[in-house]
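To keep things clear, I will list the structure first and then write my remarks on it.
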Amino acid sequence: MEATCTVLLILAAAGCGTATTLFRSPRQAPGSIFTVGNGEQCLGSDRSTGGVCLSRNQCNTQGGKAIGFCGVFATCCSLNACDIRTNTKVAVFINPPLNRESSGLECSYNVEINNNNVCQIRIDFETFNLAPPTTVEAVENVTLRPGYTCRNDIFQVTNLHANSDILPPLCGDNNGQHMYVRVNASTNSRSIRLNFKIADRNTQPNLPQATWKIKVTQLECFNTLGKYRDGFLEAITSSLPATPFSSSADRDEYLIAPPGCLQYYPDRTGFFESFNYNRGSGPYIANLAYATCFKRTSDVCGIKLTAASFEMAYRTEDNMYLDTDCQVNPVTQGSSQSEDYLFIPEAETADGLRGSKYCGLSASNQIIASTPPGPIYVHFHSDNLVTNDVPEAGYRFNYNVLNNCYLRMNTFH
């Protein structure tokens, strides 16, 4: 009885916190001077260079370089070399020193599954600057060309085994972007490989310098109690400090993405943009088809999207750049035409315009409410065509989840 009262007192005290704890990021245990290498991020002695907290032996065997200390028995390790193999929960990979003599290389990082509970790997591109996607030179009297693809520098996730996900090759400017990879140790999917193929700058001196800093986090699926951590109970438990008895799956739950999502934004507000958005210059990459998803808690009924920039290809200027204007029926298609679009389910603009597929400038300067009955997401699709004088810059949206969709139009103002 005494133990029960103690627990209730702790919960009651936690409930007195402010509402700001309702949707906070997952809590992290405070650092300790007795750390022996927990795979968490750390700063080197210069207080600016980031690394991963590992034991000295782990840092050496993974080809890392000690740049500081993160405890009596651990070192802050910079993994800025190629051909690294790691199984730590969190790893940070930094490009090796690159110059014209060392360019033209391939750099691989092998990430081995930490334990059988790991179900997803989140890859955060804290820094990602590669050569941009390109197409062939324009030919006189020919209006269509192949789409923009990664022909020089290429980043790709491989070694997916039985994983059915198709992960796109990336290049260009993707600072701040991320992607998810599904893994399943029970089906022999126990590792993935991150590959960078860097073009030779001696033969192509005009290409920008390739740089990257990638954070890889192995996420464990929540335990059987995780499904109850929603709403009020989540507000209480998230305000409690992490303890040695908190499971990794419990802490990872906030970041676990729904099935089928290449990108996932669990926060209630934020922004998202197309790959190689490049501060509005683009171009976006051809042959992509992926979903960007958002967290739907019990009080969420939709999402409000405010376009900061939107410029995609279109078929003809004589339409509204919506739905069948963005993707024609194959029966009536005829010659090749643009089929680039952003799919936003159950969408309506502040002007009362309804549609699901947006292309051209149809979402530019628009505020859009999406209230689907199921998951909250958008789906980007790009073809393998570029039309002369039709820009393919991409998009950037600010988003806010909605909790009152009956009054959603009032949220536009």
inquiry  = Restricting to the stretch 351-377, name every residue that is under 15 Å from Leu322 (Cβ atoms) and surrounded by 17 or more Cβ atoms within 10 Å (Cβ to Cβ).
reply    = Gly355, Ser356, Lys357, Tyr358, Cys359, Gly360, Ser362, Ala363, Gln366, Ile368, Ser370
key: Selection within the stretch 184-196 - at pLDDT 90 or above and either touching a Ser or Thr at 6+ places or on another chain (Cβ under 6 Å) or surrounded by fewer than 19 Cβ atoms within 10 Å (Cβ to Cβ) (or both)   = Arg193, Asn195
query = Within the group Asn80, Asn110, which residue is at pLDDT below 80 and of a type in the set (S, T, N, Q)?
reply = Asn80
task = Scan the stretch 254-270 and report the pairs whose first residue is charged (D, E, K, R) and whose second residue is not in a loop (DSSP other than H, G, I, E, B), with Cβ atoms within less than 8 Å and a gap of 6+ or a chain change.
result = Arg268/Asn400; Arg268/Val401
Number of positions in the stretch 378-396 that are open to solvent by 40 Å² or more (accessible area, probe 1.4 Å) and under 16 Å from the mean Cα position of the chain (by Cα) = 2
Pairs with Cβ under 6 Å, 6+ apart, first in the stretch 71-86 and open to solvent by 20 Å² or more (accessible area, probe 1.4 Å), second modelled with pLDDT of 85 or more = Asn80/Ile94; Cys82/Cys107; Asp83/Ser108; Arg85/Asn110
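Listed here are the residues, each with its yes/no results for (1) more than 15 Å from Phe397 (Cα to Cα); (2) in a loop (DSSP other than H, G, I, E, B); (3) open to solvent by 10 Å² or more (accessible area, probe 1.4 Å); (4) not aromatic (Phe, Trp, Tyr).
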| residue | (1), (2), (3), (4) |
| --- | --- |
| Phe271 | no, no, yes, no |
| Asn276 | no, yes, no, yes |
| Arg279 | no, no, yes, yes |
| Ser298 | yes, yes, yes, yes |
| Lys304 | no, no, yes, yes |
| Ser309 | no, no, yes, yes |
ask   = If you scan the stretch 339-380, which residues turn out to be without any contact (Cβ under 8 Å) to a residue 60 or more places away in the chain and under 22 Å from Pro266 (Cβ atoms)?
value = Leu342, Phe343, Ile344, Pro345, Glu346, Ala347, Pro373, Gly374
ask   = So, in the stretch 157-178, of the ones that are under 17 Å from Asn110 (Cα atoms) and in a strand (DSSP E or B), which residue ends up modelled with the lowest pLDDT?
value = Thr158
ask   = So which residues in the stretch 351-392 are more than 26 Å from Ser281 (Cβ to Cβ), modelled with pLDDT of 90 or more and not in a strand (DSSP E or B), if there are any at all?
value = Thr371, Pro372, Pro373, Gly374, Pro375
ask   = Taking the stretch 37-76 as the search range and keeping residues that are more than 19 Å from Asn87 (Cβ to Cβ) and among the small types (Gly, Ala, Ser), which one is modelled with the highest pLDDT?
value = Gly68
ask   = Which ones in the stretch 112-140 are in a strand (DSSP E or B) and under 17 Å from Trp212 (Cα atoms)?
value = Arg122, Ile123, Asp124, Phe125, Glu126, Thr127, Phe128, Asn129
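The values are calculated or read from the model by the stated rules, or taken from the named source; none is laboratory data. If you're wondering where the values come from, they're calculated on a predicted model, not measured in any experiment. Here Cβ is always computed from backbone atoms with ideal geometry, including for glycine, and neighbour counts include all displayed protein chains. The protein model used for the area step is the full one, side chains on, heavy atoms only, and it has no ligands, DNA or RNA in it. Shrake-Rupley method; radii C 1.70, N 1.55, O 1.52, S 1.80 Å.
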